[in-house]
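Every number here is computed from the coordinates shown, using simple stated rules; none is lab data. Because the structure is a prediction, the values reported are computed rather than measured. Every residue, glycine as well, gets a Cβ built from its backbone with ideal geometry; the counts of neighbours run over all protein chains shown.
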Amino acid sequence: MVAELEGRIKAYASSVAFSGHAVGESNRDLQALIAAATAFQGPGILVPTRNAGLFRWCLESGLRVVQPMTLMTTGLYNDPAGAYLPSILF
């Protein structure tokens with residue numbers, strides 16, 4: 001799935017799902033992908049709460065928190081640039 005503007009890809013998602021991932025140049029680009037999804041596969045999507053703008057938009061759009069989760073890593077972690085939805089499989 002892609003979000004396109006004036007012939008340019010602004011965001012893509014492997015799937016809008018718990019096991020899928022998505023990246024975009026901005027929150028608006030990810031919002032377009034989420035809004036276009038006819039359904040979320042599996043238990044839902046992972047939205048990083050650090051991205052307060054996207055998280056707030058999801059809540060205002062009727063999505064609800066079902067299971068809060070914490071990202072834990074071993075070693076160096078670089079936060080991705082831009083807006084993203086991580087995958088549980090990442």
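One table, with the values for the structure above:
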read-out: Directionally averaged shadow of the chain, computed from the convex hull of its alpha-carbon atoms, nm²; value: 6.1 nm²
read-out: Amide H within-cut-off set for H21, under 5 Å, with H built and near neighbours excluded; value: S14, S15
read-out: Mean separation of Cα contacts under 8 Å, 6 or more apart, over the residue count of the chain: relative contact order %; value: 34 percent
read-out: Sequence-distant residues sharing a close amide H with A3 (under 5 Å, placed H); value: K10, A11, Y12
read-out: Calculated from backbone phi, Karplus (6.51, -1.76, 1.60) coupling profile of region 39-49 in Hz, x at Gly/Pro; value: 6, 9, 6, x, x, x, 10, 9, 10, x, 6
read-out: Placed amide H near F40: partners under 5 Å, 5+ positions off or other chain; value: none
read-out: Lys/Arg +1, Asp/Glu -1 at C-beta; the chain dipole; positive extreme among P68, A81, H21; value: P68
read-out: Helix-only CD estimate at 222 nm, as mean residue ellipticity for the chain, using -39500 (n - 2.57) per DSSP H run (n ≥ 4); value: -6000 deg cm²/dmol
